[in-house]
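Encoded as structure tokens, the structure appears first; notes follow it.
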Amino acid sequence: FIVIGAALFAVSLWGNLLLLFYLLAPLLGVYALMVLRRRDWSLLGRTLLTLILGGLLALPFLLPTLREATGGTSEPGAVRYSAALLGIVSPSFNHPLFSGLEYPRRVLGIDPFEGAAYLGVITAALGIIALVKRRESRWWLIVALSAWVLSLGSLLKLDDAPLTVQVGGYATAIPLPAALLPYIPVLNIARTPGRFNFAVGFAAAILAGYGAATVTRWLKPLRLRVVVVLGLTVLIAFEYQF
């Protein structure tokens, strides 16, 4: 299983090497917290061995990207490509149902893709059901929240521009934890903070799965369960379209 896990770790980076920062790092960080909380040192050792072996397998693919880390500390687009605070409640203004809403245009800016962070009404509802009914799902809330905070970038944006406050007669922006990332070697490659929403979406999907499983337990006929799950899937896909 260690060898299989190491191989899959390397394969997970084939789509985009930066998924190591935007998706795998938040997942592995919370997983490490789970293992430490259980004080399962044997499992922690096997996990570290798997990651080391997986890193060695992935190294030939990672080296060109890691070489970029020796460059500067930031890029001007780092703030531009961070998510806005209201992004999680801002559907695409190109959506047939939400085109009449005015605030998504302010939040998402001209290009609704890079700032996309919309959680969705149905997914949020299923996630709340999961958090209330399934204790094991709450770790995924930690993944979602930590990745969401990082997705906001180095400066807090309420809309598509950094929010400023008056301090001592001077206008200043509000710094966030991601402001430290450009100064940490290797992590300074992650110059588009909004893409941490990959991890937010992944965690939200797991929470929605727990919620859907809880809802279908309340339904007895198997055929009805299938219809409900398929119906929810279609509605979520419709709500998410850009």
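If the condition is being part of a helix (DSSP H, G or I) and either open to solvent by 50 Å² or more (accessible area, probe 1.4 Å) or touching a Phe, Trp or Tyr at 6+ places or on another chain (Cβ under 7 Å) (or both), then region 174-188 contributes Pro177, Leu180, Tyr183, Leu187. State whether the residues of region 163-173 include one that is farther than 19 Å from Val200 by Cα and open to solvent by less than 50 Å² (accessible area, probe 1.4 Å). Looking for residues that are farther than 19 Å from Val200 by Cα and open to solvent by less than 50 Å² (accessible area, probe 1.4 Å), one finds at least one in region 163-173, hence yes.
For region 148-168, which residues satisfy the criterion of being farther than 17 Å from Ala117 by Cα and outside any strand (DSSP E or B)? Hits for region 148-168 are Leu163, Gly168.
In the set Glu114, Glu136, Glu102, only one residue is out of contact with any strand residue (DSSP E or B) (no Cβ under 6 Å at 6 or more places or on another chain), under 24 Å from Met34 (Cβ atoms) and among the acidic types (Asp, Glu); that residue is Glu136. Inside region 185-232, can you point out the residues that are among the aromatic types (Phe, Trp, Tyr), over 16 Å from Leu131 (Cβ atoms) and more than 12 Å from the chain's Cα centre (by Cα)? Within region 185-232, just Trp218 meets the criteria.
Taking region 179-208 as the range and being in contact (Cβ under 8 Å) with a residue 60 or more places away in the chain and within 17 Å of Thr123 (Cβ to Cβ) as the test, the residues that pass are Asn197, Phe198, Ala199, Val200, Phe202, Ala203, Ala204, Ala205, Ile206, Leu207, Ala208. Scanning region 200-224 for residues that are open to solvent by 80 Å² or more (accessible area, probe 1.4 Å), in a helix (DSSP H, G or I) and not aromatic (Phe, Trp, Tyr) yields Arg217, Leu222, Arg223. Any residue at all in region 48-67 that is open to solvent by less than 40 Å² (accessible area, probe 1.4 Å), within 22 Å of Phe198 (Cβ to Cβ) and modelled with pLDDT under 85? Checked against the condition, which is being open to solvent by less than 40 Å² (accessible area, probe 1.4 Å), within 22 Å of Phe198 (Cβ to Cβ) and modelled with pLDDT under 85, region 48-67 yields at least one hit.
Contact map, region 158-178: residues that are polar (S, T, N, Q) paired with residues that are loosely packed, with under 10 Cβ neighbours inside 10 Å and assigned to a strand (DSSP E or B), Cβ distance under 6 Å, separation 6+ or inter-chain. Pairs shown: Thr164/Ala171. Restricting Pro96, Pro112 to those that are more than 19 Å from Asp159 (Cα to Cα) and either open to solvent by 40 Å² or more (accessible area, probe 1.4 Å) or modelled with pLDDT under 90 (or both) reduces the list to Pro96. Could you tell me whether Ala144 is under 30 Å from Gly209 (Cβ atoms) and surrounded by 14 or more Cβ atoms within 10 Å (Cβ to Cβ)? Here the answer is yes, as Ala144 does meet what is asked.
The values are calculated or read from the model by the stated rules, or taken from the named source; none is laboratory data. Here the structure is a predicted model, which means the values were calculated and not measured. Cβ atoms come from the backbone with ideal geometry, glycine included; neighbour counts cover every protein chain shown. Side chains included, ligands, DNA and RNA excluded: accessible areas come from the protein's heavy atoms. Shrake-Rupley method; radii C 1.70, N 1.55, O 1.52, S 1.80 Å.
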